[in-house]
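Laboratory data are not the source of any read-out in this text; all were calculated from the coordinates shown. Nothing here was measured: the structure is a model prediction, and the numbers come from that model. We place every Cβ from the backbone using ideal geometry, glycine too, and count neighbours over all the protein chains shown.
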Amino acid sequence: MEKPFRIEKMDSFQVIGYKIETTNQKQEGRHVIPEFWENFRKQQLVDRLLPLMNSKPYGIMGVNVYNVDTDSRRFDYYIAAASTHPVPESMVAYTIPAATWAIFPCTPETIAKTEVQAIMKWLPKFKYKPINSGYITGRMKAGAPDIEYYGEDDYAEVWVAVRE
């Protein structure tokens, strides 16, 4: 069976953008993240974010950062871009740690389904295992964020940090 993903080792990099705090409790994140994206679009915040993008990977990212406090269900979600610029007022920065990533190409419409298939179906058939756990229970134990990458022309990717 051919791998539906590629493996990339990446050094750490900084992203700058907008952040919300949410939780997996009562599936709150599933409701507030789409609202966050909708407000991002309505307020045309991409126009403030794109000029800051000056390093790889070039694109807009949705970044899930787990274990932000003692509650394993809480996480921060960023809409951000890779940048080395100073952080503007009203934005925040986060450093994506160096990691090995399984990267699954998809479209913005299939990104949620692709993430589920990546973790539950594809990775278990290969020698790579996600470094994060708790996807089913919502009680995350994480060593790296999960990333949604949005490029040009309706291209998207799911990034899952892995180990062999």
*Range in the chain, longest, excluding exposed chymotrypsin sites (Phe, Trp or Tyr not before Pro) [loop by DSSP; at most 14 other beta-carbon atoms within 10 Å]*: 59-154
*Note down the relative contact order for the stretch 6-163 as a percent, whole number, built from C-alpha pairs under 8 angstrom at least six residues apart.*
31 percent
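So if we plug the beta-carbon distance of residue 3 and residue 93 into 1/(1 + (r/R0)^6) with R0 = 41 Å, what FRET efficiency do we get, rounded to 0.05? Don't skip to the end; give the middle numbers.
Details: r = 33 Å, r/R0 = 0.80.
Result of the calculation: an efficiency of 0.80.
Looking at the stretch 38-129, which GluC sites (Glu not before Pro) are DSSP coil and have at most 11 other C-beta atoms within 10 Å of their C-beta? Show your work: numbers first, answer last.
Values: sites: 38, 89, 109, 115; in loops: 89.
Sparse-neighbourhood loop GluC sites (Glu not before Pro): 89.
Restricting to DSSP H runs of at least four residues, report the calculated mean residue ellipticity at 222 nm for the chain, -39500 (n - 2.57) per run over all residues, nearest 500 deg cm²/dmol. Before the final figure, lay out the partial values.
Values: 3 runs with 26 residues, N = 164.
Taken over the chain, the calculation gives -4500 deg cm²/dmol.
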*asked:* Springs between alpha-carbon pairs under 10 angstrom, Gaussian network model over the chain: which of 112, 142, 81 fluctuates most?
replied: 112
*For the chain, find the longest principal axis of its Cα atoms and tell me its angle to the long axis of helix 28-42, 0 to 90°, nearest 10.*
40 degrees
